[in-house]
Amino acid sequence: MIEVAFSASFKRAFSKRIKGQLPLEKLFWERVETFVEDPFDKRLRTHKLSGKLKDLWSFSITYDSRVIFYFADQTRAIFVDIGSHDEVY
């Protein structure tokens with residue numbers, strides 16, 4: 001099990017891009033529950049990023065919606081951005 005924390009940049013992006021879109025917001029919280037249980041669950045399509053984002057990871061909420069995060073340690077992940085593929089990369 002992993003603990004999740006939200007950075008200030010993540011909270012701003014969530015409020016701007018996700019909040020108020022109830023189906024997407026509901027799906028986000030379902031994916032967070034899955035992530036907490038197993039960050040590498042196949043449904044999340046978790047993968048390491050490369051290039052300028054090489055220290056970060058990503059998982060999918062929907063086909064186009066992503067969460068960008070990093071592992072602070074073995075038991076904690078910090079979410080840093082959320083949005084469409086084009087918004088976060």
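No value in this document is a laboratory result; all are computed from the given coordinates. Only a predicted model underlies this, so the values are computations on that prediction, with no experimental measurement involved. For neighbour counting, all protein chains shown are included, and Cβ atoms are generated from backbone atoms with ideal geometry for every residue, glycine included.
Students often get this wrong: which residues of region 67-89 have the backbone nitrogen under 18 Å from the point 7 angstrom along Cα-to-C-beta of Asp55? What the label zone holds, given the 18 Å backbone N cut-off, is 68-82, 89. Each Cα pair under 8 Å and six or more residues apart adds its sequence gap; the mean of these over the residue count of the chain is a relative contact order of 34 percent. So what's the net charge close to Leu49: Lys and Arg +1, Asp and Glu -1, counting the other residues with Cβ under 13 Å from its Cβ? For residues surrounding Leu49, the net value is +3. Neighbour counting of Cβ atoms within 10 Å sorts the residues Phe71, Phe10, Phe79, fewest neighbours leading, into Phe71, Phe10, Phe79. Rounded to the nearest 20, the Cβ-based charge dipole of the chain about its Cα centre (Lys and Arg +1, Asp and Glu -1) stands at 280 debye. A straight Cα-to-Cα reach below 26 Å connects Lys54 with the lysines Lys11, Lys16, Lys42, residues fewer than 8 places away in its own chain not being considered. Computed from backbone phi with θ = phi - 60° and the Karplus coefficients 6.51, -1.76 and 1.60, the 3J(HN,Hα) list for region 11-19 is 4, 5, 5, 4, 4, 6, 9, 10, 3 Hz; x is used for glycine and proline. Full extension of the segment from Thr62 to Tyr89, taken as 0.36 nm per residue of separation minus the current Cα-Cα distance, would add 8.2 nm. A simple count of charges around Ile68, restricted to other residues whose Cβ falls under 11 Å of its Cβ and scoring Lys, Arg +1 and Asp, Glu -1, yields -2.
Along its principal axes, the chain has C-alpha extents of 32, 28, 24 angstrom, given from the largest down.
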